[in-house]
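Notes follow once the structure below has been shown.
Computed from the coordinates by the stated procedures, all read-outs in this text should not be read as laboratory data. On a predicted model such as this, the values are computed, not experimentally measured, just so you know. For neighbour counting, all protein chains shown are included, and Cβ atoms are generated from backbone atoms with ideal geometry for every residue, glycine included.
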Amino acid sequence: MISLVSQLTLNLFSADHFAFGDFIAGENGEAIVTLENWLEKSEPLSFCVWGSQGTGKTHLLQAAVRQINQSGLRAIYLPVKDVKGDVRQAIEGLETMDLIALDDIESFYETEAENALFNLYNRAKEREGKILFSSHVKPGGANSLLPDLVSRLNAGYVYKLHELAEDQKALFLISMAERRGLKLERPVVDFIMRTFKRDMNSLCVILNLLDSASLQYGRALTVPFAKEILNSVEQ
């Protein structure tokens, strides 16, 4: 049996599935508008989105990278906590990018990699690049060995993301399904919301599984079909 959350490691996500237009803002409207405007400006250097798991941080980082790349500039997305090996090597040379998007930046805290991040920040500033990062806590809210680094990270925009209400999560699922050309009827959405974990990460994984199964078996997404597929997978 496969854990729903472990499906995240199976490359089921595509950057093509993350766009600002698909993000259900909820209470985060100001943060989204400011982020989109910031992508077109030269300063400040950094932008932070922070909040609990499932608030859409990864979605926004990848949407920003997609938008920058589509504009003809260069951007890169790096999920810091998933880096295998020395993270210091993983971020070496990233200052050549117009936008660096670092997910889960708290992974740097209390490690020797903090110095590498501090140096990357300074090099990006010299090249007039941008750093977009996410964290589960506000910069300075976790133990950092470098006060100067925390000061720099707080010098840019810092926005806390709030979790969506249940009805907004349902709208998100329907919107993402429509983007893929997948018809997701409300009874199926209600079944998902009633039966499975409702954090955004799990909901996105469920949508990916149903999308793949629908294509593989050539079947419409009915409640019985969704039950058949999802009941065979551990939560």
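General remarks:
- Potential lengthening between R219 and E110 on full extension [0.36 nm per residue; Cα-Cα distance subtracted]: 34.3 nm
- Dipole size of region 29-78 about its Cα centre, with +1 on Lys/Arg Cβ and -1 on Asp/Glu Cβ: approximately 200 debye, rounded to the nearest 20.
- Gyration tensor verdict on region 25-160 (Cα atoms; rounded if a/c is under 1.5, prolate if a/b is larger than b/c, oblate otherwise): rounded
- Computed over the chain, relative contact order equals 28 percent, with contacts defined as Cα pairs under 8 Å that lie 6+ residues apart.
- Between S52 and D82, the contour length at 0.36 nm per residue exceeds the Cα-Cα span by 9.0 nm.
- The count of lysine pairs in the chain whose Cα atoms are under 16 Å apart, excluding pairs fewer than 8 places apart on the same chain, comes to 9.
- Helix 186-195 axis, angle to the chain major axis (alpha carbon atoms, nearest 10°): 70 degrees
- Directionally averaged projected area (the chain, Cα convex hull): 13.0 nm².
- Listed residues L171, L132, L161: farthest to the positive end of the dipole of region 119-175 (Cβ charges): L132
- Net dipole in debye of the chain [+1 Lys, Arg Cβ; -1 Asp, Glu Cβ; about Cα centre; nearest 20]: 440 debye
- Estimated FRET transfer efficiency when R0 is 22 angstrom, pair S232-E166 (beta carbons, to 0.05): 0.30
- Sites D190 and Q89, calculated FRET efficiency, Cβ-Cβ separation with R0 35 Å, nearest 0.05: 0.15
- Computed E for T96/H136 - FRET, C-beta separation, R0 25 angstrom, nearest 0.05: 0.35
- Per-selection metrics, region 42-110 (Cα): Rg and Dmax in Å: 12.4, 36
- Gyration tensor verdict on region 140-208 (Cα atoms; rounded if a/c is under 1.5, prolate if a/b is larger than b/c, oblate otherwise): prolate
- Whole-Hz ³J(HN,Hα) from phi, Karplus 6.51 cos²θ - 1.76 cosθ + 1.60, for region 26-38, glycine and proline x: x, 7, 9, x, 5, 4, 5, 4, 5, 5, 5, 5, 4
- Given +1 at the Cβ of Lys and Arg, -1 at the Cβ of Asp and Glu and no other charges, the dipole of region 166-230 around its Cα centre is 80 debye to the nearest 20.
- The label point for E30 and the one for S212, both projected 7 Å from the Cα toward the Cβ, are 4.0 nm apart.
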